[in-house]
Amino acid sequence: MSNALITAIKKRRTQYSLGRKLPLPQAEVEALIKEAVRLAPSAFNSQSSRITILFGAQSDKLWDIAKAELRKIVPADGFAKTAEKLESFAAGAGTVLFYEDQNSVKELQKQFPLYADNFPVWSEQASGMAQFAVWAALANVNIGASLQHYNPLIDSETAKTWAIPDSWKLRAQMPFGANEQPFPEKTFISNAVRFKTFG
Ligand SMILES: Cc1cc2nc3c(=O)[nH]c(=O)nc-3n(C[C@H](O)[C@H](O)[C@H](O)COP(=O)(O)O)c2cc1C
């Protein structure tokens, strides 16, 4: 199949081996991330996703926070492995923090009580769409990334460090940087298991 979007989607992979050097100036990467989030869909066009972009030393600070929090709960004899993993994220050029604004969710619940139960779910789905859009946009300019979930462990300290509003709920962290390793082969389950088509 030859299709520009599918080709771009195919380029998005999990990259754990990250380097500092970006193929684009920092300002262009920042603009790319913002545009990907802006264009991602959300329920009722509520635009509930909120983003913090950390470059360089600010991103290092995030992974130091994760390390400090994990040190409190990971047994000491297993911590070296944990630390190594966190250092691999810090080795990149930056990290995108994905939040969902709970005020936006509450506002929709008030406005449309019939769908009240759905708005928290749709907010999570909107976050996933924003995450995918950013991940694919970065991949399309040859920037590697992975998707991490150290929330809620790091919520309190990160909120304090970057003055994050109380209503912003941290959903994911995406460390990004230069692709330092090729991607391993990806396997797929059979289409017969996943798809049904009629008509
Ligand atoms: C909702 C979701 C949650 C994920 N959480 C993590 C995670 O916490 N840590 C991680 O290293 N990868 C995480 N991943 C990445 C997946 O493991 C990865 O996308 C999958 O194995 C397919 O590999 P690919 O990204 O190279 O296509 C997550 C992916 C999705 C979609």
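Of V74, P25, V193, which is farthest on the positive side of the dipole of the chain, counting Cα position, with +1 on Lys and Arg Cβ, -1 on Asp and Glu Cβ, and the Cα centre as origin?
V193
If amide H atoms are built 1.01 Å from N in the plane of the peptide, which residues on other chains or at least 5 residues away come under 5 Å of the amide H of A172?
Under 5 Å from the amide H of A172: F98.
Please work out how much accessible surface K10 shows to a 1.4 Å probe, ignoring ligands, DNA and RNA, in Å² rounded to 10.
150
So what's the gap between the Cα centers of segment 98-172 and segment 29-79, to the nearest angstrom?
10
Just list whichever of K21/K81; K85/K169; K34/K169; K21/K85; K21/K169; K11/K169 have alpha carbons separated by over 21 Å in the model shown. List each step's numbers first, then the result.
Numbers: K21/K81 25 Å; K85/K169 24 Å; K34/K169 18 Å; K21/K85 19 Å; K21/K169 30 Å; K11/K169 29 Å.
Where the Cα-Cα span goes over 21 Å, the pairs concerned are K21/K81; K85/K169; K21/K169; K11/K169.
Mind listing the phi-derived Karplus ³J(HN,Hα) values for segment 95-110, rounded to whole Hz, using 6.51, -1.76 and 1.60 with θ = phi - 60°, and x for any glycine or proline?
9, 9, 9, 9, 10, 10, 7, 5, 5, 5, 4, 4, 4, 5, 4, 5
With the Cα gyration tensor of the chain in hand, convert its eigenvalues to equivalent ellipsoid semi-axes via √(5λ) and list them largest first in whole Å. Walk me through the numbers before you get to the answer.
Details: eigenvalues 148, 123, 63 Å².
They are 27, 25, 18 Å, listed largest first.
Please list the radius of gyration and Dmax for segment 48-127, considering alpha-carbon atoms only, with Å as the unit.
According to the Cα coordinates of segment 48-127, Rg and Dmax are 17.6, 52 Å.
Averaging the inverse of every distinct alpha carbon separation and then flipping it gives the Kirkwood radius. What is it for segment 1-87, in angstrom units?
Details: mean 1/r = 0.0606 Å⁻¹.
16.5 Å is the Kirkwood radius here.
Counting only the heavy atoms of the protein chains, how much of F188 is accessible to a 1.4 Å probe, in Å² to the nearest 10?
Approximately 150 Å² for this residue.
With runs of 4+ DSSP H residues as the only contributors, calculate the mean residue ellipticity of the chain at 222 nm using -39,500 (n - 2.57) per run, divided by the residue total and rounded to the nearest 500. Write down the numbers at each step before the final one.
Details: 8 runs with 96 residues, N = 199.
Calculated at 222 nm, the ellipticity per residue is -15000 deg cm²/dmol.
What are the extents of the Cα atoms of segment 89-185 along their three principal axes, in Å, largest first?
In descending order, the Cα extents are 49, 31, 19 Å.
Students often forget the sequence filter, so: which aspartates and glutamates lie under 17 Å Cα-Cα from K10 once same-chain residues fewer than 8 apart are removed?
In chain and number order, the partners are E185.
Which value, in Å², gives the accessible area per residue of segment 86-141 when a 1.4 Å probe is used on the protein heavy atoms?
On the way: 2420 Å² over 56 residues.
Ligands and nucleic acids excluded, the result is 43 Å² per residue.
Explain nothing, just the number: dipole magnitude of the chain about its Cα centre with +1 on each Lys and Arg Cβ and -1 on each Asp and Glu Cβ, in debye rounded to the nearest 20. Don't skip to the answer; put the middle values down first.
On the way: 23 positive and 19 negative charges, 95 e Å.
Around 460 debye, computed over the chain.
Which order do Y99, Y16, Y115 take by accessible area at a 1.4 Å probe, largest first?
Numbers: Y99 5, Y16 130, Y115 85 Å².
Order by accessible area, largest first: Y16, Y115, Y99.
What is the percent carbon and sulfur in the accessible area of the chain, measuring with a 1.4 Å probe over the protein chains and ignoring ligands?
Result for the chain: 56 percent of the exposed heavy-atom area is carbon or sulfur.
The values are calculated or read from the model by the stated rules, or taken from the named source; none is laboratory data. Because the structure is predicted, anything quoted here is derived from the model rather than measured. Virtual Cβ from ideal backbone geometry, glycine too; neighbours counted across all protein chains shown. SASA here: full protein model, heavy atoms, side chains in, ligands and nucleic acids out. Shrake-Rupley method; radii C 1.70, N 1.55, O 1.52, S 1.80 Å.
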